[in-house]
Number of protein chains: 2
Amino acid sequence: MQTREQDEKFLQIAIDLSLNKMNEGHGGPFGAIIVCDEEIIAEGWNQVTSTNDPTAHAEMVAIRKACNKVKHFELKDCVIYTSCEPCPMCLGGIYWARFKRVVYANTREDAKNIGFDDGHIYDEIASPHSKRKIEFCHCPSTNALNVFNEWTKKNDKIDY
Amino acid sequence: MQTREQDEKFLQIAIDLSLNKMNEGHGGPFGAIIVCDEEIIAEGWNQVTSTNDPTAHAEMVAIRKACNKVKHFELKDCVIYTSCEPCPMCLGGIYWARFKRVVYANTREDAKNIGFDDGHIYDEIASPHSKRKIEFCHCPSTNALNVFNEWTKKNDKIDY
């Protein structure tokens with residue numbers, strides 16, 4: 001269990017990353033680190049514009065690096081320290097990786113105040129499909145449902 | 001503007017990917033393609049377990065490939081066809097890439113019925129931090145806010 005002092009120490013490392021990598025031109029002002037047993041196992045920073053990858057947020061980059069390091073798709077005993085509250089995409093990634101804790105500094109409102117869309121995406125997720133700004137079209141398919149049935153019958157599958 | 005027949009044709013390609021790549025052992029039963037001007041510019045399929053990457057959902061893989069191909073972090077004129085309604089992580093990725101449309105076959109309820117967590121994550125996103133299953137800890141930091149202020153003053157930044 002981390003103390004408040006340990007949390008602040010690790011969070012400051014994520015904040016330092018956010019500043020240094022922004023200044024180096026990698027992308028937006030966001031940094032994240034992943035800690036397991038008091039050890040930093042991965043660092044990430046925003047690289048959206050420098051790598052032309054809209055998914056390259058600090059948290060996502062750090063998650064991919066950490067999983068590559070531990071050779072597993074879950075990070076159950078890990079804490080992610082991020083300079084800003086995760087956007088919905090990163091929040092989803094954090095749940096899929098099954099983190100123990102998330103520690104963050106700036107909020108989604110702070111992000112909105114400097115022009116980032118996080119709050120808008122949170123609103124859209126809560127909206128019914130018919131009211132979303134991107135058109136969502138549901139085309140039910142028996143073939144697609146059959147693939148799901150095949151999954152349930154697959155003997156050698158790895159659950160995640 | 002795609003017709004219903006065109007939508008069904010493209011969606012079937014995503015469904016075929018979901019079946020074939022599942023059978024080949026890449027991961028869960030999910031496939032996606034990205035279409036621009038009637039042309040398929042990227043394909044993706046779930047690779048979570050085969051690459052130890054919890055972010056390697058079909059839609060995310062396709063988005064990263066498409067952006068790499070067009071050399072831009074936005075896909076404004078594109079449609080994503082996916083064999084299943086996007087999870088919150090992929091939905092976030094879709095908004096950040098600023099797609100025109102999303103066409104999907106199976107629903108989040110169908111995914112839940114075969115053991116996938118999407119619905120749970122949608123619920124968690126809507127929950128206040130204090131009620132979430134992963135602990136979210138807000139540690140406000142003047143240093144972190146200062147980095148955001150630096151961003152607003154940065155002259156050579158690329159907005160996204």
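The values are calculated or read from the model by the stated rules, or taken from the named source; none is laboratory data. Just so it is clear, the structure is predicted and the values come from calculations on it, not from any experiment. Here Cβ is always computed from backbone atoms with ideal geometry, including for glycine, and neighbour counts include all displayed protein chains. The protein model used for the area step is the full one, side chains on, heavy atoms only, and it has no ligands, DNA or RNA in it. Shrake-Rupley method; radii C 1.70, N 1.55, O 1.52, S 1.80 Å.
Output the 0 to 90 degree angle, nearest 10, between the alpha-carbon long axis of helix B:142-153 and the longest principal axis computed from the alpha carbons of chain B. Taking Cα atoms only, the helix is inclined about 70 degrees. Using a 1.4 angstrom probe on protein heavy atoms only, the contact between B and A buries about 7900 square angstrom of accessible area, both sides summed.
Once divided by 2.2 N^0.38 Å, the Cα radius of gyration of the protein assembly as shown becomes 0.96.
Write down Rg/Rh for chain A, rounded to two decimals, with Rg from the C-alpha atoms and Rh from the Kirkwood relation over Cα pairs. Ratio of gyration radius to Kirkwood radius for chain A: 1.04.
Working from Cα pairs under 8 Å separated by at least six residues, relative contact order for the range B:1-131 is 19 percent. Pick from B:87, B:137, B:67 the residue whose mean-square fluctuation is largest in a GNM of chain B, springs joining Cα atoms under 10 Å. Top of the fluctuation ranking is B:137.
Cα centroids of the range B:63-94 and the range A:18-32: how far apart, whole angstrom? Centre-to-centre distance over Cα atoms comes out at 23 Å. For chain A, the fraction of 1.4 Å probe accessible surface lying on carbon and sulfur atoms is 46 percent. Along the axis of the charge dipole computed for the range A:6-141 (Cβ charges of +1 for Lys and Arg, -1 for Asp and Glu, origin at the Cα centre), the listed residues A:35, A:56, A:18 are led at the positive end by A:56.
Measuring heavy-atom accessible area with a 1.4 angstrom probe and counting protein chains only, the residues of the range B:40-60 that give up at least 20 Å² relative to the chain alone are B:48, B:49, B:52, B:53, B:54, B:55, B:57, B:60. Between residue B:39 and residue B:153, the simple spin-label model (points 7 angstrom out along Cα→Cβ) gives 4.6 nm.
Rolling a 1.4 Å probe over the heavy atoms of the protein chains gives chain A an accessible area of 42 Å² per residue. For the residues B:64, B:98, B:132, a GNM of chain B with alpha-carbon springs under 10 Å puts the largest fluctuation on B:132.
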